[in-house]
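The values are calculated or read from the model by the stated rules, or taken from the named source; none is laboratory data. Predicted model only: the values in this text are computed from it and were never measured. We place every Cβ from the backbone using ideal geometry, glycine too, and count neighbours over all the protein chains shown.
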């Protein structure tokens, strides 16, 4: 190549590289903004998902994390029920005062899991699956309501301050803080089947803003994520200016993902058999409906707001071929739009190991039952 042409070509490459680094927020950007979050892929780890003190029955090991790494995954989300790391009398309902009684020994155990996961190349997202005053699931009696009671909000900020301080010096490349799992406004905070709706936007903004400020007081670079409103399904326009990423879900439609799941259906014995694509009950289920569902999230990422799918997958009662057909479309839409995702669990009903499906030809994997078809789908997405 002639020297003049080489210099010209090199200059164009340098210019393109510089333009690609333009960030959202400048008035005259030349390229459309991209999803600022990496397209992480991985799993939720359920070690501390229960309000009860962890028993070790579902303990994630270094070997499990090594498998994830070897298979090409780089993300774990750790949903935590705050009561599991508290000291209080569990023979009765917790009091508002006891919400502050931290059990440092359990907090140390959670911190050890975070550190081990990072050792195996995982970005770790800490999530309060149950926060003071709210959880999408019943089974533990909350003393107040996060959205309406100031005392619950103060406790919420206190817990996030503790976690942010614990990981104060950890890079945002290695850890993020997912504020609250699947927020909604529920009539009875202790009855998951009671009437629910989206959290009013101004209230969600108030709580998310204060929690993010508490976290970033410890480290202004901490990465904060907020789950979508209305049980994770809806974009939160009220917080787009707060430098908070948002997390969508991969459970739509529930007729596929939660077929016969008792916590999601009142009558599990009279549900139409899932099909994909196909007519299920009074709706025709298809890829088009998925594309319409995810379009607001895609648009959000194109505005320069970070988007990740923090939970997705399918319970084990959906026929396997239907699940794979549906989830192939889900992951294809997310991946084409550079949105990463995390399967609800690694080992268990939603997972690639020991899912308990009756219609899978499992492969033996070090004593576990591996759904190789599902794993192949994930690694190719």
message: Just to verify a result, which residue in the stretch 65-82, among those that are in contact with a strand residue (DSSP E or B) (Cβ under 7 Å, 6 or more places away or on another chain) and part of a helix (DSSP H, G or I), is farthest from residue 44 (Cα to Cα)?
response: 82
message: So residue 263 passes all but one of these: (1) in a loop (DSSP other than H, G, I, E, B); (2) touching a helix residue (DSSP H, G or I) at 6+ places or on another chain (Cβ under 7 Å). Which condition number does it fail?
response: (2)
- request: For residue 156, indicate whether it is touching a strand residue (DSSP E or B) at 6+ places or on another chain (Cβ under 9 Å), buried (at least 22 other Cβ atoms within 10 Å of the Cβ) and within 30 Å of residue 70 (Cβ to Cβ).
  value: no
task: Name the residue, out of 290, 273, 285, that is exposed (fewer than 14 other Cβ atoms within 10 Å of the Cβ) and modelled with pLDDT of 95 or more.
output: 273
query: Which residues, counting only those in the stretch 186-203, are without any contact (Cβ under 8 Å) to a residue 40 or more places away in the chain and in contact with a helix residue (DSSP H, G or I) (Cβ under 8 Å, 6 or more places away or on another chain)?
result: 196, 197, 198, 201, 202
task: Kindly indicate the residue of the stretch 317-356 that is more than 23 Å from residue 65 (Cα to Cα) and in a loop (DSSP other than H, G, I, E, B) and also farthest from the chain's Cα centre (by Cα) among those meeting that condition.
output: 319
query: Out of all the residues in the stretch 358-372, is one or more within 17 Å of the chain's Cα centre (by Cα), assigned to a loop (DSSP other than H, G, I, E, B), at pLDDT 95 or above and buried (at least 17 other Cβ atoms within 10 Å of the Cβ)?
result: no
message: Being in a helix (DSSP H, G or I), crowded, with 18+ Cβ neighbours inside 10 Å and in contact (Cβ under 8 Å) with a residue 40 or more places away in the chain: is that true of residue 224 here?
response: no
- request: Pick out the one residue from 45, 86 that is touching a helix residue (DSSP H, G or I) at 6+ places or on another chain (Cβ under 8 Å) and closer than 20 Å to residue 340 by Cα.
  value: 45
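Output the number of residues of the stretch 176-205 satisfying the condition of being surrounded by fewer than 16 Cβ atoms within 10 Å (Cβ to Cβ) and at pLDDT 95 or above.
Going through the stretch 176-205 one residue at a time, the tally reaches 4.
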Condition check for residue 255: modelled with pLDDT of 95 or more, over 30 Å from residue 34 (Cβ atoms) and touching a strand residue (DSSP E or B) at 6+ places or on another chain (Cβ under 6 Å): yes
Given (1) surrounded by 23 or more Cβ atoms within 10 Å (Cβ to Cβ); (2) out of contact with any strand residue (DSSP E or B) (no Cβ under 7 Å at 6 or more places or on another chain), number of the condition residue 240 does not satisfy: (1)
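The rows are residues; the columns are (1) more than 30 Å from residue 241 (Cα to Cα); (2) modelled with pLDDT of 95 or more.
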residue	(1), (2)
21	no, no
27	no, no
38	no, yes
73	yes, yes
78	no, yes
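If I filter the stretch 272-287 for residues that are within 22 Å of residue 327 (Cα to Cα) and within 21 Å of the chain's Cα centre (by Cα), do I get at least one hit? If you could, list the steps in order and put the result at the bottom.
Step one: list which residues in the stretch 272-287 are within 22 Å of residue 327 (Cα to Cα), which gives 272-287.
With within 21 Å of the chain's Cα centre (by Cα) added as a condition, the list becomes none.
No, because not a single residue in the stretch 272-287 is within 22 Å of residue 327 (Cα to Cα) and within 21 Å of the chain's Cα centre (by Cα).
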- request: Go through the residues of the stretch 53-63 one by one and say whether even a single one is in contact with a strand residue (DSSP E or B) (Cβ under 7 Å, 6 or more places away or on another chain) and either in a loop (DSSP other than H, G, I, E, B) or crowded, with 20+ Cβ neighbours inside 10 Å (or both).
  value: no
